[in-house]
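All remarks here apply to the structure that follows.
Every read-out reported here was derived from the displayed coordinates using simple, explicitly stated rules and does not represent laboratory data. This structure is a prediction, so every number in the text was calculated from the model and none was measured. Neighbour counts are summed over all protein chains in view; Cβ atoms, including those assigned to glycine, are modelled from backbone coordinates with ideal geometry.
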Amino acid sequence: MTASCRRCLPLIFVFAAWSVSTGLGPVLRAENGVPPAPVKQPVKQEALRHTQANGWHIAESRNFRFHHHSQSNLVARLAVLCEDSRTAIRQRWLSAYGTANWSIKCDVFLYPTPTEYQQKTRFPADSWGFADLEIGEGKVWMRRLDLRSDNEARVFNVAVHELTHVILADRFAHKQIPRWADEGIALNSEPPARQKDMRGWLAAEIKQGRGFTLHQLLSMQQYPQNKHLGDLFYAQSGSLVEFLLSQNSDSEEGVLRFVEGAQQGLDKPLSGVTLTKLESEWKAWLMKSHAAGGVQLAADRP
Ligand SMILES: [Zn+2]
């Protein structure tokens, strides 16, 4: 018995700009106003096997199968990003699972125009991308990403977010991970600048008395369809994961145990704390960390 689930539909939380942080090149700093000479580094490449089928060019790496229309250069860079991000996210969140290759590769479909994305996926162009998974009996039976590929910076950011959903499914292959945890952890994979923007916006909303109670957030089965509620859902989910990471000495594993505890029910204390107390501690942390200009994110910890 398998279950099919789609993530990030609709992906409605959009701030002014997504910052570009691909990790693919060195950051050069200017000193005394004179930019240093670029350091020549070998360009990292993934070995790709190229074929064609069903009107698609196909490029296969160790864990991914990219379906595209003559976007070979983009695919070469995306393959490096996906393989590197897969290793990094698995090591961070699923260290006990190791980094062995997937026996079932993740198919990645790239659509070069918003129109083609919308026509082929039947989803609005402004959703940019989504993950599609089939899980059951402790196994992931199908992994797939559908992404718009008309903006390289954006496809890289969206790919890392969606890939986080795909990776988390390995741990939650018996019972689907709750929406808040899935999105909160995926947001935590995104560039710190975007998380900071979201935190500032959320702190203002909470000050105005808006936002979900933790009981509502942790019980939510579907994405809110109203844009403002959707934004609150994403921002609160991301913020709660950040808060839990800051509270847990065993960090990522502690957060996943919290999520699994919440799956069992919300009536008993989670990690020894009632939901009411946790909500008040999280709000105090949010206001304090926003006033201080940020928090030390888990990814930045030594
Ligand atoms: Zn998502």
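Miscellaneous remarks
- Remark: relative contact order (the stretch 180-300) = 34 percent; criterion is Cα-Cα distance under 8 angstrom and separation of 6 or more residues.
- Average projection area in nm² (convex hull over Cα atoms of the stretch 56-156, one quarter of hull surface): 6.8 nm²
- Farthest toward the positive end of the dipole of the stretch 180-300, out of Leu245, Gly261, Ala292, is the Cα of Ala292, where the dipole comes from beta carbon charges about the Cα centre.
- Of the residues Ser103, Ser61, Ser85, Ser239, the one with the fewest other Cβ atoms within 10 Å heads the list, and the complete ranking is Ser103, Ser85, Ser61, Ser239.
- Sequence of Ile89, Ile104, Ile167, Ile58 once ranked by neighbouring C-beta atoms within 10 Å, starting from the fewest: Ile104, Ile58, Ile89, Ile167
- Residue among Thr99, Thr115, Gln52 farthest towards the positive dipole end of the stretch 36-126, charges placed on Cβ: Thr99
- About the centre of its Cα atoms, the stretch 170-302 shows a dipole size close to 360 debye [charges on the beta carbon of Lys, Arg (+1) and Asp, Glu (-1) only; nearest 20 debye].
- Annotation for Gln118 and Ala204: the two label points, set 7 Å from Cα along the Cα-Cβ direction, are 3.0 nm apart.
- Here, the stretch 180-300 has an Rg and a Dmax of 13.3, 36 Å when only alpha carbons are counted.
- Relative exposure of Met220, Met287, judged by other C-beta atoms within 10 Å (fewest first): Met287, Met220
- Placing a pseudo-label 7 Å from each Cα along the Cα-to-Cβ vector at Ile104 and Lys196 gives an inter-label distance of 4.0 nm.
- Projected label points at Ser219 and Trp56, each 7 Å from Cα along the beta carbon direction, are separated by 4.0 nanometres.
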